[in-house]
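Structure record follows, encoded as structure tokens.
The values are calculated or read from the model by the stated rules, or taken from the named source; none is laboratory data. What you are looking at is a predicted structure, and each value in this text was computed from that prediction instead of being measured. Cβ: placed from backbone, ideal geometry, glycine included. Neighbour counts: every protein chain shown.
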Amino acid sequence: MIMPDHWIRRWGEQGGVQPFLPEQVNSASYDLRVGTHWICPTRDPEEFTSGHVKLFPGEVVLASTVEYVNIPRSVACDLKLKSTLGRLWINHSLAGWCDPGFEGQITLELQNLGPEPFVLEAGRRIAQLIFIKMESEPEVAYGEEGSHSHYQGQTGTTRARA
């Protein structure tokens, strides 16, 4: 079952997301904004010190959300790129799942599939979290002992951890 706006609003007001902005609540999702920290494997990190990044055709960057989320044990989340960005040829199909119990900023994998450079401004609404109620809570949630979680509590853009 997908959770509705009133559940999302209550989750946010009770500290499920920091900062919580009521205007980012949709009927069945919560909008997330892109932060100011980017990692690109083919460019010098000094190029990413401003409040925006220019993504060239075919280029991939890692970025993080502004928001720090705390996903309840009874819910999993599907992360989807905002459709407007998809229509501008930006892709986020490499990962997009938050297990029950995940806590942290979310790292995004973004690729420009279009023919033109695309400027991504920090603070732009970039993705939506869709909350899916679990049939029951898991025996071991993300971040708990025995879960083998690599990214619990992450802040900023996080590279792969083995």
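Test residue 157 against the stated conditions and say whether it is under 17 Å from residue 55 (Cα atoms), at pLDDT below 95 and assigned to a loop (DSSP other than H, G, I, E, B).
Working: under 17 Å from residue 55 (Cα atoms): yes; at pLDDT below 95: yes; assigned to a loop (DSSP other than H, G, I, E, B): yes.
For residue 157, the condition - under 17 Å from residue 55 (Cα atoms), at pLDDT below 95 and assigned to a loop (DSSP other than H, G, I, E, B) - is met.
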Residue count for the range 29-57, restricted to those that are within 30 Å of residue 132 (Cβ to Cβ) and either touching a Pro at 6+ places or on another chain (Cβ under 6 Å) or of a type outside the set (A, V, I, L, M) (or both): 8
Within the range 96-142, tally of residues that are over 27 Å from residue 6 (Cα atoms) and not charged (D, E, K, R): 12
Residues being exposed (fewer than 15 other Cβ atoms within 10 Å of the Cβ) and either in a helix (DSSP H, G or I) or among the hydroxyl-bearing types (Ser, Thr, Tyr) (or both) - total across the range 10-33: 7
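At least 3 residues that are surrounded by fewer than 21 Cβ atoms within 10 Å (Cβ to Cβ) in each: list the strands (runs of 3 or more DSSP E) lying fully within the range 50-143 that qualify.
Working: elements: 52-55, 60-70, 75-81, 103-112, 118-121, 125-133.
Of the strands (runs of 3 or more DSSP E) lying wholly inside the range 50-143, those with at least 3 residues that are surrounded by fewer than 21 Cβ atoms within 10 Å (Cβ to Cβ) span 60-70, 75-81, 103-112, 118-121, 125-133.
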The range 111-142 - residue that is of a type outside the set (S, T, N, Q) and in contact with an Asp or Glu (Cβ under 6 Å, 6 or more places away or on another chain) and, of those, farthest from residue 33 (Cα to Cα): 142
